[in-house]
Amino acid sequence: MILIFPGRDGLAMPLTVRHQSLARHAGQVSLPGGALDAGESAEAAALREVEEEIGVAASDVRVVGALSTLWVAVSNFVVSPFVAVTDARPAFRLHAGEVSTLIEAPLAAIRDPTRVRWDSRVRLGMPVRYPYFEFDGHVVWGATAMMLGEFACLFDAGHRPPHEE
């Protein structure tokens, strides 16, 4: 869930640093989210995870849209990201077993194309180039960077799909 809220210096969104003890993506920066419970929709799961991980009640959040689904090869998950807003800065309460740190990422920084950096890693013997962002000394890469990149493109008329009639 990309959750937009009024931050200290303008609109912001919470990013989480995943706890080091987690089995998947430990220590990585991510958006609040997680796996679906049986019979749960992706939107309901996103709202539940926002409440569980960072303590923001679903009743305080308005979902305004969805981004493209994304398959994450290393965990074999299909991520269904949503964008939501809240009218006031939340009183964040972090789930101690899942989240070690909360980063308030300014929306202006995510929209700034000069902040996008590139690096490469070897995956299955092949070099892969990938974009990443940095906020307060934390590196945001992988699926989270891809979702934030798509979100940033929503503000750029040159990246929007043509209007369908």
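Structure data summary
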item	result
Those residues of region 101-125 which are surrounded by 14 or more Cβ atoms within 10 Å (Cβ to Cβ) and in a helix (DSSP H, G or I), in sequence order	Leu107, Ala109, Ile110, Arg111, Arg115
Count of residues meeting criterion [under 14 Å from the mean Cα position of the chain (by Cα), within 17 Å of Thr101 (Cα to Cα) and not hydrophobic (A, V, I, L, M, F, W, C)] in region 112-147	3
Region 72-99 residues that are farther than 10 Å from Ala143 by Cβ, paired with ones that are of a type in the set (Phe, Trp, Tyr) (beta carbon under 9 Å, 6 or more apart)	Val78/Trp71; Val83/Phe151; Val85/Phe5; Thr86/Phe5; Asp87/Phe5; Ala88/Phe5; Arg89/Phe5; Pro90/Phe5
Ser80 being touching a helix residue (DSSP H, G or I) at 6+ places or on another chain (Cβ under 8 Å), surrounded by 15 or more Cβ atoms within 10 Å (Cβ to Cβ) and of a type in the set (Gly, Ala, Ser)	yes
Qualifying residue in region 46-64 (condition: of a type outside the set (Lys, Arg), at pLDDT 95 or above, in a strand (DSSP E or B) and touching a strand residue (DSSP E or B) at 6+ places or on another chain (Cβ under 6 Å))	yes
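The values are calculated or read from the model by the stated rules, or taken from the named source; none is laboratory data. Keep in mind it's a predicted model, so treat the numbers as computed, not measured. In this analysis, Cβ positions are derived from the backbone assuming ideal geometry, glycine residues included, and neighbour counts consider all displayed protein chains.
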